Amino acid sequence: MSQMTGAEAMVRMLQLHGVKHVFGLCGDTSLPFYDALARLDHGIQHILTRDERSAAYMADGYARVSGRVGVCEGPSGGGATYLLPGIVEANESSIAVLGITTDIATTSRGRYALTELDQEALYRPLTKRTEVIDRADKLPEAVRRAFRAMTTGRPGAAHLGLPFDVQNGQVAPGEVWADAGLGVFPSARTSPDGEKVAKAAKLLSASKLPVFVCGGGVVISGAERALAALAERIGAPVATTVSGQGSLAEDHPLCLGVVGSNGGTLPTREALAEADLVVFVGCRAGSVTTERWRYPAPGTRILHIDVDPMVPGANYATEVALVGDAKLTLEMLLSLVGESSFQGGKELVQRAKKRKFSEFRSLAARDDLPILPERVVAALHEILPRDATVVCDPGTPCPYFSAYYEFVEAGRHFISNRAHGALGYSMAAALGAHLGRPGTKTVSVMGDGSFGFTAGEMETLVRLKAPVMMVVISNSTYGWIKAGQKSGFVGRYFSVDFSRTDHARVAEAFGVKAFRVERPESLKPALAAAAEHGGPALVDVITQPLHEARAPVSEWVA
Ligand SMILES: Cc1ncc(C[n+]2csc(CCOP(=O)(O)OP(=O)(O)O)c2C)c(N)n1
């Protein structure tokens, strides 16, 4: 069989790992790779983006809903540096995303070639694995290593550099093989030590009021059913982090909702404080979830389940640490823990939710101008189908939707970039999520700050005719920071306000169906019309600024 080029081998290796979409932006050093994508029959759709940051966020959103590795690509230099924010977000959020950056020829190194930079050094601290492939014959094994690294253990991101001459080099076709199972994460589940599981089961059985605190690891692992079964068996309430939403359906009588400084509320915090045992599952117990390690209070008995051995015990003295896949671990516990007739958990949840939602509902019903954020959440909840996917940027959207939008289907229906919280994530991630799960309605909710970062990507949405809905919370300020200046710096506002953009007109100029809403009574009809529109649609909502709102945020500096 005749040899194939490095670029052709890269395309085939992606195909063999089951890749169906590649998000990216062209560049000089990518020409052989693009030509291979153009010539070969591979079944991969290339989604041309308008910014490499968006390409990486799309790959991230795609991976979060599909459980498949998301792939993005960009050229050397600026492409490599622009792809980076999405790669680090995915890596820190335990999402398998592969970033491919093409590079100058290995023979040009050190000669001041345009766009030269040390890509391996750049990506090393931000990925589970990075490799600039220096020889074409080594390409297939480098791709295999990257997929194995991304999908095993704690999932994460990987980076591959593809120099120009390597793309044109020779690869023996016999080297081009792959384990298709590595295109999905987690691809190799691990079980915890059986003796420790027995100890944990005893601890759970002896506890009077255990409360679960679930992070993103539950949904990533697909552990929702095992969690529900275990929680029901012992009558334990289930709280989640922002990323852990969807661990349990939020209308389940044991689902307490989000806890922590972003999206948690006093009633949920107080419910958590009643636990005599907190069970962290797939959760790092970081600063936001624990309100700077105060809730649960230090000294609370802790059982911690995580696939990453470094996580349990990092922040709390932990009675039993179970290191393993969340689904397998919860199933093992389920086989050892007996039924409990304890009903206190359900009552605790009911009381906390009643308090939380009575305040919310009274605010959501108000006709104030500008429109209250509570009203936006309630209106969207009323008009969207129950299996909709909502992608939220930082600022107003994340805490409000975390606290008050009840996702009534278990699984990944809420997405936010909680690792780094960079503005401008949700529009691109929503497009990725739409392509990963086209059957459900996907909505991006952004602040006007985020809109400024990402507006150009509306051209991609229009080109693809993607029925993604966008909601802009327009308040002409970097509201979250203004709220921090109000609460921590006696309202000494400095350099946080900007002028009002007419987001609907901008959207229309791109060819997006757009609505501008100033009055509360126009909100629901506009949202419903946007949701029903067959292509991209945007609703610009003039909203109460965050520093004046009763935001479900206990600390503005996380
Ligand atoms: C890339 C980036 N730069 C700065 C920040 C810091 N930051 C966090 S929230 C926020 C303000 C968000 O403003 P906007 O998107 O308008 O939403 P609002 O808070 O007004 O609802 C800023 C600047 C960030 N998260 N990401």
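The values are calculated or read from the model by the stated rules, or taken from the named source; none is laboratory data. Small disclaimer: the values here were computed from a predicted structure and weren't measured. Cβ sites come from the backbone with ideal geometry, for glycine too, and all protein chains shown count toward neighbours. The area values use the complete protein model at the heavy-atom level, side chains included, leaving out ligands, DNA and RNA. Shrake-Rupley method; radii C 1.70, N 1.55, O 1.52, S 1.80 Å.
Being closer than 20 Å to Val349 by Cβ, open to solvent by 10 Å² or more (accessible area, probe 1.4 Å) and more than 25 Å from the chain's Cα centre (by Cα) is a condition met by at least one residue of the stretch 240-253. Report the residue count in the stretch 255-297 for those that are among the hydroxyl-bearing types (Ser, Thr, Tyr) and within 13 Å of Arg418 (Cα to Cα). Selection size over the stretch 255-297: 3.
How about the stretch 294-402: which strands (runs of 3 or more DSSP E) wholly inside it have at least 2 residues that are more than 30 Å from Met58 (Cβ to Cβ)?
Working: elements: 301-306, 320-323, 389-392.
Passing ranges, in order: 301-306, 320-323.
When you check Ala551 against the structure, is it among the hydrophobic types (A, V, I, L, M, F, W, C), within 13 Å of Ile473 (Cβ to Cβ), within 16 Å of the ligand (Cβ to nearest atom) and in a loop (DSSP other than H, G, I, E, B), yes or no? In short, yes.
Please verify whether Pro85 is within 16 Å of the ligand (Cβ to nearest atom) and closer than 24 Å to Gly421 by Cα, treating the condition exactly as stated.
yes
Taken over the stretch 66-117, residues that are under 25 Å from Val281 (Cα atoms), of a type in the set (Gly, Ala, Ser) and in a loop (DSSP other than H, G, I, E, B) amount to 4.
If you check Leu203 against the conditions, is it open to solvent by less than 40 Å² (accessible area, probe 1.4 Å), over 20 Å from Ala36 (Cβ atoms) and in contact with a Phe, Trp or Tyr (Cβ under 8 Å, 6 or more places away or on another chain)?
Considered against the rule, which asks whether it is open to solvent by less than 40 Å² (accessible area, probe 1.4 Å), over 20 Å from Ala36 (Cβ atoms) and in contact with a Phe, Trp or Tyr (Cβ under 8 Å, 6 or more places away or on another chain), Leu203 comes out as no.
Within the stretch 21-65, the set of residues being within 20 Å of the chain's Cα centre (by Cα) and either surrounded by fewer than 19 Cβ atoms within 10 Å (Cβ to Cβ) or part of a loop (DSSP other than H, G, I, E, B) (or both) comprises Thr49, Asp51. Answer yes or no: is there a residue in the stretch 155-164 that is of a type outside the set (A, V, I, L, M, F, W, C) and either open to solvent by 50 Å² or more (accessible area, probe 1.4 Å) or farther than 30 Å from Ala422 by Cα (or both). Looking through the stretch 155-164, none of the residues is of a type outside the set (A, V, I, L, M, F, W, C) and either open to solvent by 50 Å² or more (accessible area, probe 1.4 Å) or farther than 30 Å from Ala422 by Cα (or both).
Quick one: is Ala275 open to solvent by 10 Å² or more (accessible area, probe 1.4 Å), among the hydrophobic types (A, V, I, L, M, F, W, C), under 18 Å from Leu227 (Cβ atoms) and in a loop (DSSP other than H, G, I, E, B)? Here the answer is yes, as Ala275 does meet what is asked. Here Val391, Val408 are screened, and the one residue that is away from the ligand (no atom under 15 Å from the Cβ) and modelled with pLDDT of 95 or more is Val408.
Counting only residues that are assigned to a strand (DSSP E or B) and within 16 Å of the ligand (Cβ to nearest atom), which one in the stretch 534-548 is farthest from Glu521 (Cα to Cα)? Per the criteria, the residue is Leu538. Take the conditions (1) open to solvent by 70 Å² or more (accessible area, probe 1.4 Å); (2) within 16 Å of the ligand (Cβ to nearest atom); (3) not small (Gly, Ala, Ser); Lys524 misses just one of them, which is (2). Scanning for something modelled with pLDDT of 95 or more, open to solvent by 10 Å² or more (accessible area, probe 1.4 Å) and in a loop (DSSP other than H, G, I, E, B), does the stretch 226-233 turn up at least one residue? Within the stretch 226-233, none of the residues are modelled with pLDDT of 95 or more, open to solvent by 10 Å² or more (accessible area, probe 1.4 Å) and in a loop (DSSP other than H, G, I, E, B). Checked against (1) under 26 Å from Ala419 (Cα atoms); (2) in a helix (DSSP H, G or I); (3) hydrophobic (A, V, I, L, M, F, W, C); (4) touching a Leu at 6+ places or on another chain (Cβ under 9 Å), Ala149 passes all but condition (4).
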